[in-house]
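Peer 1: Here it is, the structure in full.
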Amino acid sequence: QVGDQLLSQVAQRLRHVCGGAGFCGRIGGDEFGVVIARIDDDRAVARLSIAIIDALSAPYQIDQHVLHVGASVGSAVSPIDGHQSESIIRSADLALYRAKDEGGGVHCPYEPQLHAKAEERQRLEQALREALEKDQLHLLYQPVVDATSGVITGFEALARWTHPELGPIPPSKFVPVAEEAGLVGQIGEWVLYAACRQIREWQDAGYSLQVAVNVSARQFQE
């Protein structure tokens with residue numbers, strides 16, 4: 001109920017900021033759309049976006065609750081960023097995701113490379129799914145050394161992915177994709193079992209070593 005009242009107040013503020021300059025509507029969830037029929041100058045969209053962010057970021061009083069929310073804006077302009085309504089909405093949506101990736105509370109206009117990045121991410125996700133099916137991941141073990149004695153006291157298991165065509169893909173690139181696609185739990189489970197198998201081999205050879213395994217924030221929450 002509080003959430004519904006919050007959305008209602010957000011809509012009121014949005015309509016007040018836009019005034020007669022644009023038509024506002026709720027797309028779904030916590031996303032709203034603003035359509036501006038005519039743009040007088042190149043900075044009009046940026047000025048309106050900043051005004052929207054400032055208005056929606058002010059505190060809300062609902063019953064006994066004081067709520068604070070943030071706002072991010074992505075924008076697209078026709079015909080430069082799309083001729084049809086669907087393409088314009090998609091362009092604005094890609095710009096919105098970029099604004100969120102930059103920490104939120106900002107306005108990002110659409111840029112052509114955003115579309116290319118979205119397609120690259122989709123291809124990377126598909127390739128990662130295939131990598132899990134075809135067992136293309138492997139572990140590297142970074143030694144943990146006692147600084148005083150120089151003795152190896154253990155290892156840190158590091159997941160690595162070498163694509164048959166793209167070559168080595170760094171974790172900084174495939175781990176965020178895995179988290180967004182819901183694959184990080186599956187990868188984490190594979191890493192844990194692979195590390196345990198390696199530990200067993202070392203134990204059978206007479207070595208007693210500790211192995212650290214990294215866990216993603218998403219996996220830890222789950």
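Peer 1: Among Glu180, Glu165, Glu201, Glu156, which is the only one that is among the acidic types (Asp, Glu) and open to solvent by less than 90 Å² (accessible area, probe 1.4 Å)?
Peer 2: So the residue among Glu180, Glu165, Glu201, Glu156 that is among the acidic types (Asp, Glu) and open to solvent by less than 90 Å² (accessible area, probe 1.4 Å) is Glu156.
Peer 1: Identify, by number, the condition in (1) over 19 Å from Leu132 (Cβ atoms); (2) modelled with pLDDT of 90 or more that Leu192 doesn't meet.
Peer 2: (1)
Peer 1: Within the range 12-27, which residues are touching a Gly at 6+ places or on another chain (Cβ under 6 Å) and of a type in the set (Gly, Ala, Ser)?
Peer 2: Matches in the range 12-27: Gly25 only.
Peer 1: A follow-up question, please. State whether the residues of the range 203-213 include one that is free of Cβ contacts under 8 Å to residues at least 24 places away in the same chain and part of a helix (DSSP H, G or I).
Peer 2: yes
Peer 1: Taking the criterion of being under 23 Å from the mean Cα position of the chain (by Cα), closer than 16 Å to Gln126 by Cβ and in contact (Cβ under 8 Å) with a residue 40 or more places away in the chain, would at least one residue in the range 160-171 satisfy it?
Peer 2: Yes, the range 160-171 contains at least one residue that is under 23 Å from the mean Cα position of the chain (by Cα), closer than 16 Å to Gln126 by Cβ and in contact (Cβ under 8 Å) with a residue 40 or more places away in the chain.
Peer 1: Filter the range 121-153 down to the residues that are touching a helix residue (DSSP H, G or I) at 6+ places or on another chain (Cβ under 9 Å), part of a strand (DSSP E or B) and either at positive phi or surrounded by fewer than 14 Cβ atoms within 10 Å (Cβ to Cβ) (or both) and list them by number.
Peer 2: Result: His138, single match.
Peer 1: When the range 58-68 is examined, which residues are found to be surrounded by fewer than 14 Cβ atoms within 10 Å (Cβ to Cβ) and either β-branched (Val, Ile, Thr) or outside any strand (DSSP E or B) (or both)?
Peer 2: Ala58, Pro59, Asp63, Gln64, Val66, His68
Peer 1: If Pro109 meets every condition in (1) in contact (Cβ under 8 Å) with a residue 60 or more places away in the chain; (2) in contact with a Pro (Cβ under 8 Å, 6 or more places away or on another chain) apart from one, which number is that one?
Peer 2: Failed condition: (2).
Peer 1: Restricting to the range 103-120, name every residue that is open to solvent by less than 40 Å² (accessible area, probe 1.4 Å) and either in a helix (DSSP H, G or I) or of a type in the set (A, V, I, L, M, F, W, C) (or both).
Peer 2: Cys108, Leu114, Ala118
Peer 1: Then there is this: For the range 18-41, name all the residues that are at positive phi and either modelled with pLDDT of 85 or more or surrounded by 14 or more Cβ atoms within 10 Å (Cβ to Cβ) (or both).
Peer 2: Those that are at positive phi and either modelled with pLDDT of 85 or more or surrounded by 14 or more Cβ atoms within 10 Å (Cβ to Cβ) (or both): Gly28, Gly29.
Matching residues to (1) surrounded by 12 or more Cβ atoms within 10 Å (Cβ to Cβ); (2) without any contact (Cβ under 8 Å) to a residue 24 or more places away in the chain; (3) not aliphatic (A, V, I, L, M):
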site: His16; (1), (2), (3): no, no, yes
site: Arg43; (1), (2), (3): no, yes, yes
site: Ser72; (1), (2), (3): yes, no, yes
site: Val77; (1), (2), (3): yes, no, no
site: Gln84; (1), (2), (3): no, yes, yes
site: Ser91; (1), (2), (3): yes, no, yes
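The values are calculated or read from the model by the stated rules, or taken from the named source; none is laboratory data. Since the model is a prediction, treat every value here as computed from it, not as a measurement. Glycine also receives a Cβ, built like all others from the backbone with ideal geometry; neighbour counts cover every protein chain displayed. SASA here: full protein model, heavy atoms, side chains in, ligands and nucleic acids out. Shrake-Rupley method; radii C 1.70, N 1.55, O 1.52, S 1.80 Å.
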